[in-house]
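This report concerns only the one structure given below.
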Amino acid sequence: METNVVIRHDGQIMWDSPAITKSSCKVDVSFFPFDSQQCRMTFGSWTYNGNQIDIVNALDSGDLTDFVENVEWEVLGMPSKKNVILYGCCSDPYPDITYTLLLKRRASFYIFNLLLPCVMISFLAPLGFYLPADSGEKVSLGVTVLLALTVFQLLVAESMPPSENVPLIGKYYIATMTMITASTAMTIFIMNIHHCGPEAKPIPIWAKKVILEYMARIFFVYEVGESCLSPQPPVQTEPRPQQDEGRTVNGQARKEDFALKVRRNRDGMAQKLQEDHEDLEQGVSPSLSMGNVPTNCYNSCKEEGKHVSLDRGESSDCGGGKGCCKAQCLCHNQSLLRNIEFIANYYRDQRATQKRTGEWKKVAKVMDRFFMWIFFIMVFFMSLLILGKAI
């Protein structure tokens, strides 16, 4: 623009030349969104040297009186400095004035829209270990959290300028996604332990000592009916009312009900086995008579050549109908004994299998609690680190 020049009587000339200057500077996004930038603008003459024209800054900083506030950047200041440079080609000095524009990004927008949602989503990842294994949603929760963080990572990439430096919030997102991936992998491993079936091997001795005793007490993992002071379930002295056998608490059967029923069945079967054993040795059952024993059983014993003692009668077979046999068939006693032994062995195997399965489930629960606290601590310190940069 053609503007007038003001000339004073002492030879001073003042030329007000309005212009719009566009400048670019290198932006460092290493601490995005808590970054500060410095943009330098240098004014000087390439035509005249310092002996011909001298440049003097009237103020120590730029005039920001008419500056319009920006919603994203805050201007901290604009200091000025005069430099005199001597080039190798020429012996004359070349003065210039350098203005440094100090900018700081307003991070409140990014904190409430990108950072806080990421922190809250990150705290959901350790809660996946607290979710019961029988719910079937442990792995789904980890995958959902991972997808949510991926979406926020794309929003961060669109919000900042392209740069070779990885921003701080980007590092936080990558670290959180890596942690969630590791937690999902550990969840799959723990669920395999939880669903160990009857064919699983017994728990090693060191695992029982370290995991089921020490770690279970440290992380307050107890079975149903146990307390913090006494890890063993209390013994029921009085018979409890009949309850639903299929009821479960936290995916585990009420073991005290099962143990009480098995104990009653075992005592009754042991007494019955003892009585049958004595009757089998004597060969006589005083409580039964031939009237109580089926004829086909007696005939089958006779056909097999087994001896049957008779109390009275004219004939040795019961087909005549004159005598009454008070002895019980040996085959009947042996069949009854085999059935009772089968039932006892079945209950014993079922109890051992359920005990082994319950131990593996408790190991998985202890490991869930252990990794839950480990990942909680990791998320807490990472969030504290990223928020500490804002303060």
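The values are calculated or read from the model by the stated rules, or taken from the named source; none is laboratory data. As the structure is a computational prediction, the values presented were derived from the model and not from experiment. Every residue, glycine among them, receives a Cβ derived from its backbone with ideal geometry; neighbour counts consider all protein chains shown. What goes into the accessible areas is simple: the full protein's heavy atoms, side chains included, and nothing from ligands, DNA or RNA. Shrake-Rupley method; radii C 1.70, N 1.55, O 1.52, S 1.80 Å.
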Among VAL6, SER61, GLN37, the residue whose Cα sits farthest towards the positive end of the charge dipole of segment 1-65, when +1 is placed on the Cβ of each Lys and Arg and -1 on the Cβ of each Asp and Glu, is GLN37
Sum up the lysine pairs in segment 1-138 that clear both bars: alpha-carbon distance under 30 Å and a spacing of 8 or more or different chains. 8
Would you mind getting me the FRET efficiency between TRP373 and LEU59? Use the beta-carbon distance for r and R0 = 51 Å, nearest 0.05. 0.30
Can you pull the one-decimal nm distance between simple spin-label points at GLU199 and TYR214, each 7 Å off the Cα toward Cβ? 3.4 nm
Ellipsoid equivalent to segment 106-223 - semi-axes via the Cα gyration tensor, in Å: 38, 14, 13
How much length is gained on full extension from ARG8 to GLU72, taking 0.36 nm per residue of separation minus their Cα-Cα distance? 18.7 nm
Quick one: Karplus J couplings for segment 178-194, per residue in order, coefficients 6.51, -1.76, 1.60, θ = phi - 60°, nearest Hz, x for Gly and Pro? 5, 5, 5, 4, 5, 5, 5, 5, 5, 5, 4, 5, 5, 5, 5, 5, 5
Need one value: the accessible area of THR144 in square angstrom, 1.4 angstrom probe, rounded to the nearest 10. 90 Å²
Need one number: nm distance between label points at ILE174 and CYS90, each 7 Å from Cα along Cα→Cβ, rounded to one decimal. 4.7 nm
Gain upon complete extension [ASN51, TYR222; 0.36 nm per residue less C-alpha separation]: 52.6 nm
Net lengthening on full extension, GLN37/TRP206 (0.36 nm per residue, minus Cα-Cα): 55.1 nm
Quick one: accessible surface of TYR222, probe radius 1.4 Å, all protein chains present, in square angstrom to the nearest 10. 50 Å²
Peptides 64-77, 357-370, 207-220, 19-32 ordered by average Cβ neighbours within 10 Å, highest first: 357-370, 207-220, 19-32, 64-77
Enter the accessible area per residue of segment 36-138 (Å², integer; probe 1.4 Å; all protein chains in place). 65 Å²
Name all residues of segment 56-96 having a backbone nitrogen under 20 Å from the label point set 7 Å from the Cα of ILE20 along its Cα→Cβ direction, giving them as ranges. 63-73
